[in-house]
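Data first, discussion second: the structure below is written as structure tokens.
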Amino acid sequence: MFRAEAGGKRLTFDLAGLIGSNFVMKDQQTGSRWQQATGECFEGPMKGRKLEPYPFLITTWGEWRRQHPGTLALVPKAEYRENFDFMAGMLEQQRRGEMTFTRGILREDDRLPTHEQVIGLELGAAHKAYPLARLQQEEVIQDQVGGEPVVLVYDARNEMTTAFSRRLEGRVLEFNVLESAPVQLVDPETGSVFNNYGECVRGPLEGKELEPLTPLPSFWFSWAEFFPETEIYGSS
């Protein structure tokens, strides 16, 4: 998800094809072409510019509504409903490993299986991929990306991953994990408890929030071909 503006222009995008099995967008204002995976313009008057990422969260409708009861929902227009249902079915098949595709992959990276589902983090020039299966197993991962201490939290109830910097008020926090649903984090130095949205809900740090990062879901082949220098969590 990106802000639909660049170079002081508000842009409107259409789908213009695929490169590396990844959407290419074309803006109506300048005719420039942009890569979905990176938000970079690679052709046209805007070449070299990059769209600004916009924070987002993939979760269930029930969880989103619980957190944001006054939210507005985007409902597909009736004439597009069949297309939405078709795409939803394809994505569900891919999620279950029942359907794969390899059309137009730019480069192979055999460090992980081609269609392994990963959660990517991008911090500055640094990139790291976290296999979803590893996240589901560990639920909480404390790590570093480009020298920045981070924590990722997986919520099995909503198939939701959140991520945060572990820096708070001049300290780098090292969390213990409370066995609860969803998982909660405890700062052992102060006894403060954080929920899976990075909010301190109990203890001396109550009311403080960890700086959120945006987890980027992807298939391994797509993440690796656009960020070939990426590290992989758990890889030597």
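What follows draws every value from the coordinates through simple rules; no lab data is involved. Bear in mind that the values here come from a model prediction, so they are computed numbers and not experimental data. All Cβ positions, glycine included, derive from the backbone under ideal geometry; neighbour counts span all protein chains shown.
Mind sorting 12, 59 by how few other Cβ atoms lie within 10 Å of their own Cβ, fewest first? Please list the in-between numbers first.
On the way: 12 10, 59 18.
Listing 12, 59 from fewest to most nearby Cβ atoms yields 12, 59.
Ranked by Cβ crowding within 10 angstrom, fewest neighbours first, how are 200, 41 ordered? Intermediate results must be reported in sequence, preceding the final value.
Working: 200 20, 41 23.
The fewest-first ordering by Cβ neighbours comes to 200, 41.
In Å and from the alpha-carbon atoms only, list the Rg and Dmax of the stretch 15-154.
17.9, 48
Residue by residue, what Karplus-based ³J(HN,Hα) values in Hz, rounded to whole numbers, does the stretch 156-171 have, using 6.51, -1.76 and 1.60 with θ = phi - 60° and x for Gly and Pro?
The phi angles translate into 5, 4, 10, 6, 10, 10, 10, 9, 8, 6, 8, 7, 8, 6, x, 10 Hz.
Decide, for the stretch 62-236, between rounded, prolate and oblate: order the square roots of the alpha carbon gyration tensor eigenvalues as a ≥ b ≥ c, take rounded if a/c falls under 1.5, and otherwise choose prolate if a/b is larger than b/c, else oblate.
Values: a/c = 2.23, a/b = 1.32, b/c = 1.68.
Cα axes put the stretch 62-236 in the oblate bin.
In this model, which of 128/208; 50/77; 9/77; 9/50 are farther than 20 Å apart at the alpha-carbon?
Numbers: 128/208 27 Å; 50/77 30 Å; 9/77 27 Å; 9/50 13 Å.
In this structure, 128/208; 50/77; 9/77 exceed 20 Å between Cα atoms.
How far is helix 81-95 tilted, in degrees, relative to the longest principal axis of the Cα atoms in the chain, given as a value from 0 to 90 rounded to the nearest 10?
Taking Cα atoms only, the helix is inclined about 60 degrees.
Taking the alpha-carbon distance from residue 26 and a cut-off under 17 Å, which aspartates and glutamates remain once sequence neighbours fewer than 8 residues away in the same chain are dropped?
5, 14, 40, 43, 52
Ranking 68, 127 by Cβ neighbours within 10 Å, fewest first, what do you get? Don't jump to the answer; show the numbers that get you there.
Values: 68 9, 127 20.
Taking fewest neighbouring Cβ atoms as first place, the list is 68, 127.
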